[in-house]
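Take a look at the structure set out below.
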Amino acid sequence: MFFCIALQFFIHKSMIIMKYFLPILIIITFSFESIRAAEWRVVDSIIYSNIPGVPALSNMMEAIDCCDSLNCVVVSNMTWKYPWNRKTTDGGMTWNTTLRDTLINYWDSSGNYIGTYTPAKVNEVDYPSADFCIAICDTGYCHISRDSCKSWERIQLDTKSHLKNVSFVNSRIGAVCSWSNLFLTIDGGLSWKTADFIFPDSIPNVSFQDIKVLNDKDIYCLIYSSELKQSFFAKSTDFGESWTYHYCGELTTRKIFFLNKNVGWLAGGPQTAEGSPAYRSTIYHTEDGGKNWELQLDTLAESSKKLGLRQIYFSDENNGIAMSRFFTIYRTTNGGKEWFFDDSFEDYDTFDDFFWDIAFFGPEKIYALPENSIYIYKYANYFPSGAEDSIREIIPSCVISGTIIHPNPITAGKTATYSFELLQTGTISMELYDIRGRRILKWPVRIFTEGFYSIELNDVKSLNSGEYFLKVSFNDILQSTENIIVSK
């Protein structure tokens, strides 16, 4: 009898313990899971070509920008030549390509080859809002999307120089700079004006290093005098009509970042001595809009990591990151008062090259692009199960060849024929765009088998005279862009 009573008492107490402490145990277990150490992982890569006998080509990532933690755009150059992009809307879980610039073949009315348009390489991207994105290229070209990267317009600014930096505060107001010119827009790139810089005689032989547009009035620029070997901070409060200049120091500054009109940082590094291959890594801080700068970090870059810092970002007033080449990253958690070396990727074999660009959302959420790499990396403490299964996309290379549009030019009111050879079975879609990048015509998607085809373009007889581009896609991947001229 005593044994039975004791057993009942034990069971009763055990149930009470389970009732009150099991939820606590579950919470503790979940908490440990949620605070596990962050790590670097590949979240995307591209191999171009899955046709037997055709060598696989690589997509070299160049720059990344994000309008928020879910929506990011990476620009890249396929085989170091042709602008592409990768876009995510779910925080890096999946990526797709919406921009792909290709060669354009030009033909005369008899079908004879005239020449080829070669795209300008893409250098940088800015993604200020979910609906607007701009990518800048060599020789003054830009690609602009105003519909969440679904379609792109290619324009050329009034220069043939390398476009270096771009900064937009929203979908309307922004700036692009080359080494020697600053271009401004207030209508999302529909029109541009060149800012008139009158540099003081005391600042000779200058070039732009970086720009930051804060609103419809304030523009900040980093400029460098190669003759003085000094950097200056140029500031406009009337959107480029007038400028003031402030001395930064005898260093090559490469990047600025501002949280607001007053609080900002610049990163760079001077040579340790004239002619020396070694640089120092330096960070300066301002709290008065760039009038005065306080040194926060000054350290000698290791001899094998010769260049100074080239990127700096802050997610808030406390958490920041600064980056050089050759796996040199510094972090701060107190607004730059103290910087510490980030050893989160000291296992260099994990990465195929040193980081070239980053997008920073806080201590445990970073995107990174290695130089000369086909990979996009993400640093986080949580990755959904199965995420590794979708990190590589194999995109078929050109399966459409021998394309001819005849006649071309097309007489207004007449039709033309598009002829091509298809190397494998799949869907073909065709769209016609005007010179401003607006879609004019779209033909129904059809399934084609391997072989030679001629398609009558009857709808073109309704077009006005002008220049157009026929974009032909295979399985939703752009394959060919053909120039069409409609004459009177």
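Only the coordinates and a few stated rules stand behind these numbers; no lab work does. Note that the coordinates shown come from a computational prediction; the quantities given were computed from them, not determined experimentally. Ideal geometry is used to build each Cβ from the backbone, glycine not excepted, and the neighbour counts take in all protein chains shown.
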- prompt: In nm, to one decimal, how far is the modelled label at K461 from the one at S69, with both set 7 Å along Cα→Cβ?
  reply: 5.8 nm
query: Separation between the T118 and T237 pseudo-spin-labels, each 7 Å from Cα along Cα→Cβ, expressed in nm?
result: 4.8 nm
message: Suppose the chain between T194 and I447 were pulled fully straight at 0.36 nm per residue; how much longer would it get relative to their current alpha carbon spacing?
response: 86.2 nm
Residues T139 and Y247, FRET efficiency given R0 of 25 Å [Cβ-Cβ distance, rounded to 0.05]: 0.15
- prompt: Which FRET efficiency, nearest 0.05, do N292 and K150 yield, Cβ-Cβ r, R0 41 Å?
  reply: 0.35
- prompt: Working out 0.36 nm times the residue gap between N170 and R438, then minus their Cα-Cα distance, what length gain in nm do you get to one decimal?
  reply: 94.3 nm
- prompt: Which of K121/K255; K193/K229; K164/K235; K212/K291; K160/K291 have a Cα-Cα distance over 24 Å?
  reply: K193/K229; K160/K291
- line: So I404 and E39, fully extended at 0.36 nm per residue minus their Cα-Cα distance, gain in nm 126.3 nm
query: So for K261, K87, fewest C-beta neighbours within 10 Å to most, what's the order?
result: K261, K87
field: FRET efficiency estimate (nearest 0.05) - Cβ-Cβ, S487 to V263, R0 60 angstrom
entry: 0.55
message: If the only charges are +1 at each Lys and Arg Cβ and -1 at each Asp and Glu Cβ, what is the size of the charge dipole of region 77-201 around the Cα centre, to the nearest 20 debye?
response: 320 debye
field: Cα lying deepest toward the dipole's positive end in region 125-214, options S171, W192, P204, charges on Cβ
entry: S171
query: Which whole-number percent is the relative contact order of region 137-270 (Cα, under 8 Å, 6+ apart)?
result: 14 percent
- line: Rounded to one decimal in nm, the spacing of the 7 Å Cα→Cβ label points at T425 and N372 is 4.2 nm
query: Using the Karplus equation 6.51 cos²θ - 1.76 cosθ + 1.60 (θ = phi - 60°), what ³J(HN,Hα) coupling, rounded to whole Hz, does each residue of region 372-378 give in order, writing x for Gly and Pro?
result: 6, 10, 9, 10, 10, 9, 9
